[in-house]
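Engineer: This structure is in structure tokens; I'll ask about it shortly.
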Amino acid sequence: MALSTVIFCWLAVGFCISYFLLKWKGPRYAEEGLPPGSMGWPIFGQTAEFLREGPNFMKKQRIRYGSFFKTHILGSPTIICMDPVMNRYVLLHEGKGLVPGYPRSLVELLGKRNISAVHGTAHRYIRSSMLSLIGPTVIKDRLLIDVDEFMRCHLHNLDGNTIDIQDKTKQMALLISIKLLLGTEFGAFTEALKPEIDKLFLGTISLPIKLLSSNYRRALQARKNIIKLLRQVMEERRASSVMNYDMLDCLLRNEDSKHNLDDEEIIDQAITILHSGQETVSVVMMMAVKYLYDYPRALEKLREEHFAIREMKEASDAIDWNDYKSMSFTRAVIYETMRLATVVNGPMRMTTQKIELNGYVIPKGWRIYVFIREINYDPIIYPEPYRFDPWRWLEKKSLESHTFSFLFGAGGRQCPGKELALVQVSIFLHYFVTKYRWEVGNGVIHTFPRVKAPNGLPISVSKY
């Protein structure tokens, strides 16, 4: 009797599992009109393979299913789009059944009112507010001098040292964000904020598992701590008549209805600003240093450009707007670094209704991953795509605004911090290449899901 009961229980379990698998693989994800593809395992889908294999996973799926296929990653049924024409359509047609579709875990960390998460009218006025803080006019009139002063200070006295350039650029990117946002990079507030930002960033590149010791759970707590710190500063600012002339002060005291944000929006934009520096600016600085070492001819050309600027100045003179705008090869180096390293793999969108794309019908609530990595290595757009060649951006000046160039996004969602990021990296390179020479040590670099050197990237620095 006991044996019969055991057998019955196992059969029941087997039936339940089979039923669950059929529900997973069956009608739920086999609606008529969906593109080909595999949904992987129940609940987890193909997330593990996606995170483990990255671009190789995409290539294998592309070979099997084409450049437009379905999968289940990061907790959602997802369409992977690797077709340049369709990618451009998706990016330029927000509002026609498409809205930002970043994973809920990322939105929980950066805030549901951050500029990347909102759409429609909310996105337009938050973007307008951000441009009033970090647009080209503000950079020219106010921020450029702060960036110059910061880079001079942090690139001083590196001669004779071996440094981890990944750690150095990561710390610089965070500190300059704090300085521009809050007016200072020093003090008890900054010391309290730095470890929380580090934990938040680590959570954005970790599996969204809320176990007690998980990076994601610690990141959620870090967000709460950051909000508490920011609210404290906001209360102090509102109680004071002293003008600070930093980004936070501009947000708090802005009386222009077009740019006026509520406290939740201010906090979410502040967190996004602090996070984005570590996400992109630090990586571009690190990889530019590496590529310039690997390609001496490009480094020589870059030095020529910057020494020509320095010859027109006294040693203590700061870089001004005209100097920055004359850095054409520097800009090419930055664009080529972003392309070759693929600092950003691509944005996500979500369907708000059943829509037709590329001849297929995509159900409501599905995510569309605009995977731009393969476009960066398309030999038709970029001949010899795996070679670091900044000259390609000078010889073909339209490349920056090429139909399929999505390095900073596209359309109304082009990154509002684009010009500030270019300024920061340009001034960094100016002082680094005119002051120092360097040798890059051994260091493995991973390029997916984020560009990073797991064990650091040591460089030996000497005076030029």
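Engineer: Using a 10 Å cut-off on Cβ atoms, rank the peptides 185-193, 124-132 from the highest mean neighbour count down.
Structural biologist: So the order, starting with the most tightly packed, is 124-132, 185-193.
Engineer: Same structure again: If you average the sequence gap of Cα pairs under 8 Å that are 6 or more apart and divide by the length of the chain, what percent do you get for the contact order?
Structural biologist: Computed value for the chain: 24 percent relative contact order.
Engineer: At ASN161 and LEU394, where each label point lies 7 Å from the Cα along Cα→Cβ, what is the point-to-point distance in nanometres?
Structural biologist: Calculated label separation equals 3.1 nm.
Engineer: With respect to the cross-link table entries LYS396/LYS418; LYS170/LYS224; LYS170/LYS463; LYS325/LYS418; LYS179/LYS301, which display a Cα-Cα separation exceeding 25 Å? Don't skip to the answer; put the middle values down first.
Structural biologist: On the way: LYS396/LYS418 21 Å; LYS170/LYS224 22 Å; LYS170/LYS463 22 Å; LYS325/LYS418 14 Å; LYS179/LYS301 32 Å.
Distance filter (> 25 Å) returns LYS179/LYS301.
Engineer: Also, quick follow-up: How would you rank 413-419, 163-169, highest first, on the average number of other Cβ atoms within 10 Å across their residues?
Structural biologist: Numbers: 413-419: 18.9, 163-169: 21.3.
Averaged packing, sorted descending, gives the order 163-169, 413-419.
Engineer: From Cα pairs below 8 angstrom and at least 6 apart in sequence, can you work out the relative contact order of region 94-202, rounded to a whole percent?
Structural biologist: Over region 94-202, the number comes to 16 percent.
Engineer: In addition: At R0 = 41 Å, how high is the FRET efficiency between SER316 and ASN56 if r is their beta carbon distance? Nearest 0.05 is fine.
Structural biologist: 0.20
Engineer: Can you give the FRET efficiency for LYS96 and TYR464, using 1/(1 + (r/R0)^6), R0 = 35 Å, r = Cβ-Cβ distance, to the nearest 0.05?
Structural biologist: Using R0 = 35 Å, I get an efficiency of 0.10.
Engineer: If you take the square roots of the eigenvalues of the alpha-carbon gyration tensor of region 50-166 and sort them as a ≥ b ≥ c, do you get rounded (a/c under 1.5), prolate (a/b over b/c) or oblate?
Structural biologist: Values: a/c = 2.49, a/b = 1.43, b/c = 1.74.
Oblate shape, in that a/c is at least 1.5 and b/c is the bigger or equal ratio.
Engineer: In what sequence, highest mean first, do 313-320, 297-304 appear when ranked by Cβ atoms within 10 angstrom?
Structural biologist: Listed from highest to lowest mean packing, they are 297-304, 313-320.
Engineer: Go through region 154-161 residue by residue and turn each phi into a ³J(HN,Hα) via Karplus (6.51, -1.76, 1.60, θ = phi - 60°); whole Hz please, and just put x for glycine and proline.
Structural biologist: 7, 9, 8, 6, 8, 4, x, 9
Engineer: Evaluate E = 1/(1 + (r/R0)^6) for ILE63 and ILE205, where r is the Cβ-Cβ distance and R0 equals 35 Å; express this FRET efficiency to the nearest 0.05.
Structural biologist: 0.80
Engineer: If you don't mind, there's one more thing I want to ask. So how many Å³ per residue does the convex hull of the Cα atoms of the chain work out to?
Structural biologist: Each residue corresponds to 180 Å³ of Cα convex hull volume.
Engineer: Based solely on its DSSP helices, what 222 nm [θ] is calculated for the chain when runs of n ≥ 4 H residues each add -39,500 (n - 2.57) and the sum is averaged over all residues, nearest 500 deg cm²/dmol?
Structural biologist: One gets -16000 deg cm²/dmol as the mean residue ellipticity at 222 nm.
Engineer: May I pose another question? Would you work out if region 407-457 is rounded, prolate or oblate? Take a ≥ b ≥ c from the square roots of the eigenvalues of the alpha-carbon gyration tensor; rounded if a/c is under 1.5, else prolate when a/b is larger than b/c, oblate otherwise.
Structural biologist: oblate
Engineer: Related question: Excluding ligands, DNA and RNA, what is the solvent-accessible area per residue of region 266-342 at a probe of 1.4 Å, expressed in Å²?
Structural biologist: With the other protein chains kept in place, region 266-342 gives 36 Å² per residue.
Engineer: Here's something else I'd like to know. Whose amide H sits under 5 Å from the amide H of GLY37, counting only residues 5 or more places off or on another chain, with H placed in the peptide plane?
Structural biologist: Those qualifying (amide H under 5 Å, at least 5 residues apart or on another chain) are LYS70.
Engineer: Taking amide H positions as placed in the peptide plane 1.01 Å from N, state which residues far from MET350 in sequence (5 or more) or on other chains have amide H under 5 Å from it.
Structural biologist: Under 5 Å from the amide H of MET350 lie the amide H atoms of VAL99, GLY101, ILE368, each far enough along the sequence or on another chain.
Engineer: Using the Cα gyration tensor of region 184-309, with a ≥ b ≥ c the square roots of its eigenvalues, what is the shape: rounded (a/c below 1.5), prolate (a/b larger than b/c) or oblate (neither)?
Structural biologist: Since a/c reaches 1.5 but b/c is at least a/b, the shape of region 184-309 is classed as oblate.
The values are calculated or read from the model by the stated rules, or taken from the named source; none is laboratory data. Predicted, not measured: the structure shown is a model, and the values here were computed from it. Positions of Cβ are generated from backbone atoms using ideal geometry, with glycine treated the same way; all protein chains shown enter the neighbour counts. The area values use the complete protein model at the heavy-atom level, side chains included, leaving out ligands, DNA and RNA. Shrake-Rupley method; radii C 1.70, N 1.55, O 1.52, S 1.80 Å.
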